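K.L.:
Take this structure first; my questions come after.
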Amino acid sequence: MSQEKLITAENIANRKNFLEFSEVDVEILGQIHRYLEHNEAIVDSFTDSFYRHVFSFPELKMMLPDEASIDRLKKIQSRYFFRLTAGDYGEDYVSDRLKVGYAHQKVGLEPKWYTGAYRKYLSSLLPILHEIFGDDSTKLIAAYDAILKVVFFDMDLALDTYFHSGMRKLLRLANYDSLTGLPNRNLFYDRLAQEIKKAQRDGSSLVLLLIDLDQFKEVNDTLGHPSGDLLLVESARRIRKCVRDADTVARLGGDEFIIILPELHMHTHVERIAQNIIQVLSKPYQLDNDTVHISASIGITVYPEDAQDIASLLKHVDQAMYAAKAEGRNRFGYFTQSMQQEAMEKQELTNDLRQALARNELHVYYQPILELKSGSITKAEALLRWKHPTRGMVSPAIFIPLAEESGIIHEIGDWVFQQAVVCVVDWQKRLGRIIQVSVNNSPIQFEYPERQGWQKQMKELGVPGNRINVEITEGLLFKKSAKTMERLLDFRNSGIEVSIDDFGTGFSSLAYLKQFDIDYLKIDRSFIKDLEKNADDRALTEAIIVMAHKLGIRTIAEGVETEVQRDLLKSCDCDFVQGFLYSPAVPAVEFERMIAGKQPI
Ligand code: C2E
Ligand code: MG
Ligand code: MG
């Protein structure tokens, strides 16, 4: 920011006007100046005494450098004060004053430096004024007045530099990330626009690298935000060291960094940089008392080959980064047209999903859950099915993530719950069977607990809380967010039971389970699958069951497909089983037939 722009000639005139700083004053100051010119030692002695004064303050003395530099500073200061009476107070003068002000700030001098120095100057000058004008008191007072005006004019400018530096700080705040000091999203957009223009002009290429830290969320969730911040600062430093000064490294937010490599780069060169970044980021991080290892995934896109505008380039580099993540993380990958195709299909499917409920394409199926001891169906899991008009059955593994990303999950989730409650009431009324239905709850649904009036609906229909079981994932507990706790407590208070779904695939911390008062553990299918062949899986399954029981938690084995698996689970004292051995998820009418005993299991 240029100081000249902020203080115009008009502004200078206004300041002088306000101080009644006139030509008469300038004339008087000229008289004083001529005297000083013949007695230069006076100004020097003033400077010396000022520095002596400054040296008596340890905190100021600390800022002053070696003797030679102090001599230089003294000379500058003498010249500075000499100019006070020199008679020219125009734009050059102002610009010089501001420059000196900025330089002083750079070494850390506060405004008190100025007030102190001007005071010393005035006090030293008084006897001189008396010497020049002492015989004529009117002239003496006018001279006092003129010198006061120029000192205040000057001090005003000096203090202004502090104000300007505040503006600079604001400007910095608007363009740089305060944590890592890297350019932020704002400045990144500006730089990218500039680089694209330049590349267009020169007919050259530029490359974007989007870096995402793979395990940042886990570090943040488990070690806390201060450790997360340290990790980001250190990652930023490491990334910065992998590129040249002319390359922009910006933080887009969270754990996402982006690099602009301007000018033509050979692909091998780009790949070397990407590989280098992956390598330096995978080195251990010392965060206070913890040593942490993470990896990074990098997406790469090239202008103008992949896209010509900023929005498309960013979309592409994002797709490339996600593809690298999906391929197993800790790697880089270029954007390809098939990613674009995939992204478009995803968008299309999401749009269809938005209409699916209204078009009656969604159905809730029920998969029986049996009590192992008695062999009877006491529970069922509600599982969503989507009959797409052209694609046929779409797997929930595909559309649930889309529903989560787009927020459609809230509406769909509420609907599944309603269907489940209606069935629970219906089965008891018509068939006299008490069945507890499990409803899957995605972590996203926990983000807005106030949206779900589930307990209220159950009350209105007269359904006791324990007829519904909510399945959540382990990751949710790790976050320990106030909202999650509030919602889990809400469930608990209304008697709704809670299961941990897919147990064993995440952090699998039994301590958390105790803390959150969980009712059931659903042991993931991956353990059950090889139960017959794999002794480790058998040992793990047995250990999970034993420990769960110790904590008062019941267990449900998922994906039971064979009688051998069932028998092994029985011998381990597992409480419930669910799987194709008994039945896949089926429409409500079919499930009814099973529990009415008309269809053998
Ligand atoms: P999940 O909650 O773990 O559900 C169990 C999945 O395992 C179901 O897959 C079920 O059909 C399948 N399964 C059950 N028994 C067997 C078996 O013996 N062998 C094999 N190979 N698979 C078995 P599905 O229905 O495809 O659901 C996939 C996932 O989609 C569910 O996993 C759940 O996380 C999610 N999901 C389904 N419906 C909903 C819903 O209404 N809301 C939410 N948020 N997620 C849902
Ligand atoms: Mg489930
Ligand atoms: Mg499961």
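The values are calculated or read from the model by the stated rules, or taken from the named source; none is laboratory data. Since we're looking at a predicted model, the values are computed, not measured. Glycine also receives a Cβ, built like all others from the backbone with ideal geometry; neighbour counts cover every protein chain displayed.
K.L.:
Please specify each residue of segment 201-251 satisfying the condition of being in contact (Cβ under 8 Å) with a residue 60 or more places away in the chain, more than 14 Å from TYR285 (Cα to Cα), not in a loop (DSSP other than H, G, I, E, B) and not acidic (Asp, Glu).
P.N.:
Of everything in segment 201-251, those that are in contact (Cβ under 8 Å) with a residue 60 or more places away in the chain, more than 14 Å from TYR285 (Cα to Cα), not in a loop (DSSP other than H, G, I, E, B) and not acidic (Asp, Glu) turn out to be LEU206, VAL207, LEU208, LEU209, LEU210, ILE211, THR222, THR248, VAL249, ALA250, ARG251.
K.L.:
On to the next question. Out of all the residues in segment 508-530, which are part of a loop (DSSP other than H, G, I, E, B) and either touching a residue at least 40 places away in the same chain (Cβ under 8 Å) or within 16 Å of ligand 3 (Cβ to nearest atom) (or both)?
P.N.:
Kept after step one, since they are part of a loop (DSSP other than H, G, I, E, B), are these residues of segment 508-530: 508-509, 516-519, 524, 530.
Scanning segment 508-530 gives SER508, ILE518, ASP519, ASP524.
K.L.:
Restricting to segment 485-507, name every residue that is within 16 Å of ligand 3 (Cβ to nearest atom) and closer than 15 Å to PHE446 by Cβ.
P.N.:
VAL498, SER499, ILE500, ASP501
K.L.:
Are there any pairs with C-beta distances below 7 angstrom linking a residue in segment 34-54 that is outside the structural domain of GLY87 (by TED's automatic domain parsing) to a residue that is modelled with pLDDT of 80 or more and assigned to a helix (DSSP H, G or I), with the two at least 6 apart or on different chains, and if so which?
P.N.:
none
K.L.:
Output the residues belonging to segment 541-573 that are away from ligand 3 (no atom under 16 Å from the Cβ), part of a helix (DSSP H, G or I) and among the hydrophobic types (A, V, I, L, M, F, W, C).
P.N.:
Result: ALA543, ILE545, VAL546, MET547, VAL564, LEU568.
K.L.:
Against the definition (within 23 Å of ALA320 (Cα to Cα) and assigned to a strand (DSSP E or B)), how does ASP190 come out, yes or no? Quick ask: steps written out before the conclusion?
P.N.:
Working: within 23 Å of ALA320 (Cα to Cα): yes; assigned to a strand (DSSP E or B): no.
Answer is no for this residue.
K.L.:
Can you give me the number of residues within segment 361-391 that are under 39 Å from the mean Cα position of the chain (by Cα) and small (Gly, Ala, Ser)?
P.N.:
Within segment 361-391, residues that are under 39 Å from the mean Cα position of the chain (by Cα) and small (Gly, Ala, Ser) number 1.
K.L.:
Here is a follow-up. Would you confirm whether or not segment 547-562 contains a residue that is closer than 30 Å to LEU431 by Cβ, of a type outside the set (S, T, N, Q) and away from ligand 1 (no atom under 16 Å from the Cβ)?
P.N.:
So the first thing to find is which residues in segment 547-562 are closer than 30 Å to LEU431 by Cβ, and the list is 553-562.
Restricting the remaining residues to those that are of a type outside the set (S, T, N, Q) gives 553-554, 556-561.
Right, trim to away from ligand 1 (no atom under 16 Å from the Cβ) and you get 553-554.
Yes, that holds for at least one residue.
K.L.:
Just wondering, is there one or more residues in segment 504-511 that are more than 38 Å from the chain's Cα centre (by Cα) and within 11 Å of ligand 1 (Cβ to nearest atom)?
P.N.:
Within segment 504-511 (the criterion being more than 38 Å from the chain's Cα centre (by Cα) and within 11 Å of ligand 1 (Cβ to nearest atom)), the answer is no, since none of the residues qualifies.
K.L.:
Tell me, yes or no, whether segment 535-553 has at least one residue that is surrounded by fewer than 17 Cβ atoms within 10 Å (Cβ to Cβ) and either more than 21 Å from ASP575 (Cβ to Cβ) or at pLDDT below 90 (or both).
P.N.:
yes
K.L.:
Please list, ordered by first then second residue, the pairs with beta carbon atoms under 7 Å, 6 or more apart or interchain, first in segment 461-481 and among the hydroxyl-bearing types (Ser, Thr, Tyr), second within 16 Å of ligand 2 (Cβ to nearest atom).
P.N.:
Here the result reads THR473/PRO443; THR473/ASP501; THR473/ASP502; THR473/GLY506, each pair linking segment 461-481 to a residue that is within 16 Å of ligand 2 (Cβ to nearest atom).
K.L.:
Taking segment 352-382 only, how many residues are touching a Ser or Thr at 6+ places or on another chain (Cβ under 9 Å) and closer than 19 Å to GLN445 by Cα?
P.N.:
Final tally of qualifying residues: 4.
K.L.:
Something else: Of the residues PHE580, PHE516, PHE527, PHE576, which is under 30 Å from TRP386 (Cα atoms) and in contact with a helix residue (DSSP H, G or I) (Cβ under 8 Å, 6 or more places away or on another chain)? Don't jump to the end; show me each part of the working.
P.N.:
On the way: PHE580 fails: in contact with a helix residue (DSSP H, G or I) (Cβ under 8 Å, 6 or more places away or on another chain); PHE516 fails: under 30 Å from TRP386 (Cα atoms); PHE576 fails: in contact with a helix residue (DSSP H, G or I) (Cβ under 8 Å, 6 or more places away or on another chain).
The unique qualifying residue is PHE527.
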